[in-house]
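All remarks here apply to the structure that follows.
The values are calculated or read from the model by the stated rules, or taken from the named source; none is laboratory data. What you are looking at is a predicted structure, and each value in this text was computed from that prediction instead of being measured. No Cβ is skipped: glycine too gets one built from the backbone with ideal geometry, and neighbour counts run over all protein chains shown.
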Amino acid sequence: MAITVRIPTVLRAHAGGKSSVEAEGATVGEVLKDLASRYPGMSGQLLGEDGNLHRFVNVYVDDDDVRYLDKLYTTVREGQVVSILPAVAGGGA
Amino acid sequence: MALYTSVLDLIGNTPMVEVSELSPNPQVRILMKLEGQNPGGSVKDRIAKSMIEEAEKDGSIRPGQVLLEPSSGNTGIGLAMVCRIKGYRLKVVMPANVSVERRQLLELWGAEIIDSPAAEGSNGAVRRARQMAEENPDWAFLYQYANPANPKAHFEGTGPEIWQDCPEVTHFVAGLGTSGTLMGTGRYLKTRNPDIQVWAIEPPAGELVDGLRNLDDGYVPPIFTDNDGYNLLDRKTVIGPRESIEWLRRLADVGIFAGISTGSAMAGAVRCASQIESGTVVIVSPDGGWKYLSTGAWTEDLDAVVERARHTLYF
């Protein structure tokens with residue numbers, strides 16, 4: 001199942017300059033793994049040595065941050081969009 | 001009404017009002033805490049007073065001293081008011097693309113504004129302020145993103161006030177900036193009832209993240225990690241400018257005139273209400289609508305307002 005993955009500016013150099021790519025998988029973890037196999041430069045960027053998401057990387061399925069869903073086990077369905085974003089200071093401060 | 005001896009005593013104890021008429025689910029009540037009723041006009045009055053009074057207590061600031069803070073608006077305004085009353089000099093590092101009323105308010109209270117690049121957003125203001133604090137060790141750097149007096153103001157104020165007015169609360173929904181409101185209020189509410197769900201609402205990162213050179217330029221506020229935010233939050237969801245402004249406009253139907261981030265919080269409450277069976281959702285309205293009149297948020301064509309919101313920091 002092909003899922004659209006949005007790539008932030010800061011990581012596009014590792015994804016052939018593209019702002020969005022396709023990857024396969026039924027969970028966020030599978031999608032990221034497939035992404036890393038297509039674009040090897042991405043692997044070290046997304047996950048830490050412990051296998052969890054890098055601390056400055058947020059991953060969303062549609063509008064929801066997967067850290068507060070089932071993390072890398074969060075399921076994705078056809079038509080949903082996975083977005084990778086760097087963590088930044090919020091606006092309302 | 002009671003008689004107060006200082007404007008500082010007017011901070012906190014804000015009213016809560018029911019806006020359930022706008023709830024998409026008749027089994028879910030929505031209550032809004034109106035932080036725009038604070039004397040400086042926003043929820044940030046709470047942390048401004050708390051951070052300054054904690055610093056006075058531990059001796060890290062003295063009257064006449066220069067204070068420095070990165071802020072896209074409300075914290076700067078709250079601090080500027082408290083500094084004016086107490087006799088401190090304030091410098092605020094602020095992204096250049098905030099609404100004009102914010103600059104005017106800072107000037108009114110006598111604060112000095114230092115611009116940081118618009119494209120770098122709050123992150124850029126934080127980075128610049130940290131650098132300036134290092135170069136000027138005699139300036140006091142309160143630094144809302146790391147100051148425990150920030151969540152403390154909510155743990156001791158906002159949280160208990162909500163619990164007193166609404167012990168039936170099942171969901172607490174608020175915007176994520178420094179994370180102080182969510183960490184302090186959320187942690188307090190969970191000590192009273194661990195079943196209460198805490199939801200964070202955030203604006204889309206949009207162009208703000210384009211200024212980053214690499215991932216290590218990213219930022220998670222120290223108060224978020226210090227308060228175990230990853231475990232405290234039950235949900236974090238993005239609300240875009242169109243939804244925010246649509247709900248902001250609908251809030252006028254029930255007499256609420258609030259800032260744009262209140263529209264985001266309301267949209268978050270509506271999303272929450274439509275995903276649960278029943279409950280009571282409490283949201284924070286961070287400020288009133290006055291500072292946003294120049295944005296045309298209520299009166300101009302929705303598409304034009306949304307497009308402008310993508311380039312301006314209103315949250």
Go over the candidates A:A89, A:A93, A:A13, A:A36 one by one and state the one that is modelled with pLDDT under 95, more than 8 Å from chain B (Cβ to nearest Cβ) and closer than 22 Å to B:E120 by Cα. A:A13
Can you tell me which residue in segment B:147-174 is farthest from B:I30 (Cα to Cα), limited to those that are of a type in the set (G, A, S) and in contact (Cβ under 8 Å) with a residue 40 or more places away in the chain? B:A149
From the options A:D70, A:D50, residue that is at pLDDT below 90, more than 11 Å from chain B (Cβ to nearest Cβ) and either within 28 Å of B:N231 (Cα to Cα) or touching a Phe, Trp or Tyr at 6+ places or on another chain (Cβ under 9 Å) (or both): A:D50
For B:L232, are the conditions met, namely being within 27 Å of B:A48 (Cβ to Cβ), surrounded by fewer than 24 Cβ atoms within 10 Å (Cβ to Cβ) and within 14 Å of chain A (Cβ to nearest Cβ)? yes
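Tell me, which helices (runs of 4 or more DSSP H) wholly within segment B:32-123 include 2 or more residues that are within 12 Å of chain A (Cβ to nearest Cβ) and out of contact with any Cys (no Cβ under 7 Å at 6 or more places or on another chain)? Break it down stepwise before answering.
On the way: elements: B:44-57, B:74-86, B:100-108.
In segment B:32-123, the matching helices (runs of 4 or more DSSP H) lie at B:44-57, B:74-86.
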Number of positions in segment B:156-178 that are surrounded by 22 or more Cβ atoms within 10 Å (Cβ to Cβ) and either among the charged types (D, E, K, R) or assigned to a helix (DSSP H, G or I) (or both): 4
Please go through segment B:124-148 and give me each residue that is part of a loop (DSSP other than H, G, I, E, B) and away from chain A (no Cβ under 14 Å), ordered by number. B:N136, B:P137, B:D138, B:W139, B:P148
Is segment B:250-271 home to any residue that is more than 10 Å from every other protein chain (Cβ to nearest Cβ), over 25 Å from B:G36 (Cβ atoms) and small (G, A, S)? no
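Take B:A133 and decide whether it is more than 18 Å from the chain's Cα centre (by Cα) and either basic (K, R) or over 25 Å from A:D62 (Cα atoms) (or both). Don't jump to the end; show me each part of the working.
Values: more than 18 Å from the chain's Cα centre (by Cα): yes; either basic (K, R) or over 25 Å from A:D62 (Cα atoms) (or both): yes.
Yes: the conditions hold for B:A133.
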Looking at B:E300, B:E307, which is the one that is part of a helix (DSSP H, G or I), at pLDDT below 95 and on the phi < 0 side of the Ramachandran plot? B:E307
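Quick one: is A:D50 without any contact (Cβ under 8 Å) to a residue 12 or more places away in the chain, within 21 Å of B:K236 (Cα to Cα) and not aromatic (F, W, Y)? Before you say what the answer is, go through the steps one by one.
Values: without any contact (Cβ under 8 Å) to a residue 12 or more places away in the chain: yes; within 21 Å of B:K236 (Cα to Cα): no; not aromatic (F, W, Y): yes.
No; evaluated as a whole, the condition is false for this residue.
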Which of the residues that make up segment A:1-24 are over 25 Å from A:V88 (Cα atoms) and in contact with a Lys or Arg (Cβ under 7 Å, 6 or more places away or on another chain)? A:A23
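If only one of B:N136, B:N123 is polar (S, T, N, Q) and under 15 Å from B:R89 (Cα atoms), which one is it? So that I can check it myself, show each step before the final result.
Values: B:N123 fails: under 15 Å from B:R89 (Cα atoms).
Result: B:N136 is the single residue among B:N136, B:N123 that is polar (S, T, N, Q) and under 15 Å from B:R89 (Cα atoms).
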Within segment B:272-288, the residues that are surrounded by 21 or more Cβ atoms within 10 Å (Cβ to Cβ) and either within 13 Å of chain A (Cβ to nearest Cβ) or not hydrophobic (A, V, I, L, M, F, W, C) (or both) are B:C272, B:V284, B:S285, B:P286, B:D287
